[in-house]
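So the structure is just underneath, and the comments pick up after that.
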Amino acid sequence: MPIRRPRLLLADDHPVVLAGVRALLESEVDLVETVQDGRALVEAALRLKPDVILLDISMPMLNGIDAARQIRKELPDAKIIFLTMHSDPDYVREALRVGAAGFVLKSSAGTELLDAIHAVLQGKFYMTHLVPEEVWDGVGREGGKLFSELTSRQREVLQLVAEGRAGKEIAEILNISVKTVEFHKARLVQVLGLHSTAALTRYAIEHGLVEA
């Protein structure tokens with residue numbers, strides 16, 4: 001009987017990255033689906049229940065950190081690997097806080113990604129060699145600081161505002177009223193002290209919610 005290959009769900013908003021990862025992994029895994037935004041990722045993960053979920057941090061509609069948090073809430077045993085360009089310690093710590101089983105930088109995907117997948121399937125944790133051990137070794141003690149001043153809903157609204165979406169569109173995406181969207185936008189201004197859409201957008205870019 002042939003050995004069943006692991007089922008992998010891939011999320012990245014760059015077609016070139018999707019194609020590259022597909023070429024790298026196609027002989028080792030069954031790529032059950034590829035998606036290009038965080039909300040599509042959550043839906044696909046809950047529907048397909050793959051063995052491994054490979055995702056970026058910066059993605060349209062919903063960032064990878066919050067997408068992973070939502071997935072883990074419904075699928076607590078999900079094996080999630082972040083494949084990202086973000087090496088800042090806060091991103092690493094936040095990824096670990098939401099339950100990532102692996103963290104690989106895109107610059108080292110060719111040499112590390114398969115090792116990471118094999119490790120997490122064996123119940124192990126994999127951290128790229130490009131991140132110093134002291135960064136992730138202290139995550140349990142130090143905790144993540146990324147967006148610590150914002151609620152998950154505020155982060156969702158902030159990202160969609162920074163993507164240039166109008167209040168009505170945001171309300172439809174989040175299934176809330178336009179009035180509630182305006183409330184969250186007002187809270188963002190109050191909490192962050194940023195009084196323009198341009199300032200909120202810069203904050204979102206600086207923190208990896210959206211790409212420049």
Out of the residues in region 70-80 that are within 13 Å of the chain's Cα centre (by Cα) and assigned to a helix (DSSP H, G or I), state the one that is nearest to ILE170 (Cα to Cα). GLN70
Tell me, which residue of region 81-100 that is part of a loop (DSSP other than H, G, I, E, B) and not hydrophobic (A, V, I, L, M, F, W, C) is modelled with the highest pLDDT? GLY99
Here's a check for you: in region 20-69, which residue that is part of a helix (DSSP H, G or I) and in contact with a Lys or Arg (Cβ under 8 Å, 6 or more places away or on another chain) is surrounded by the most Cβ atoms within 10 Å (Cβ to Cβ)? ALA67
Assess whether ILE80 counts as being in contact with a His (Cβ under 7 Å, 6 or more places away or on another chain) and not assigned by TED's automatic domain parsing to the domain that holds VAL157. no
Quick one: which of ILE176, ILE170 is farther than 30 Å from SER87 by Cβ and assigned to a loop (DSSP other than H, G, I, E, B)? ILE176
Can you name the residue in region 149-172 that is among the hydrophobic types (A, V, I, L, M, F, W, C) and without any contact (Cβ under 8 Å) to a residue 12 or more places away in the chain and, of all such residues, is nearest to LEU62 (Cα to Cα)? ALA171
Out of GLY164, GLY208, GLY193, I need the residue that is on the phi > 0 side of the Ramachandran plot and touching a His at 6+ places or on another chain (Cβ under 8 Å). Which one? GLY208
Consider ALA119 carefully, then state whether it is part of a helix (DSSP H, G or I) and either in the same structural domain as GLY20 (by TED's automatic domain parsing) or touching a residue at least 60 places away in the same chain (Cβ under 8 Å) (or both). yes
Taking region 193-212 only, how many residues are part of a helix (DSSP H, G or I), surrounded by 19 or more Cβ atoms within 10 Å (Cβ to Cβ) and among the β-branched types (Val, Ile, Thr)? 1
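The values are calculated or read from the model by the stated rules, or taken from the named source; none is laboratory data. From a predicted model like this one, the values you see are computed outputs, not experimental measurements. Every residue, glycine as well, gets a Cβ built from its backbone with ideal geometry; the counts of neighbours run over all protein chains shown.
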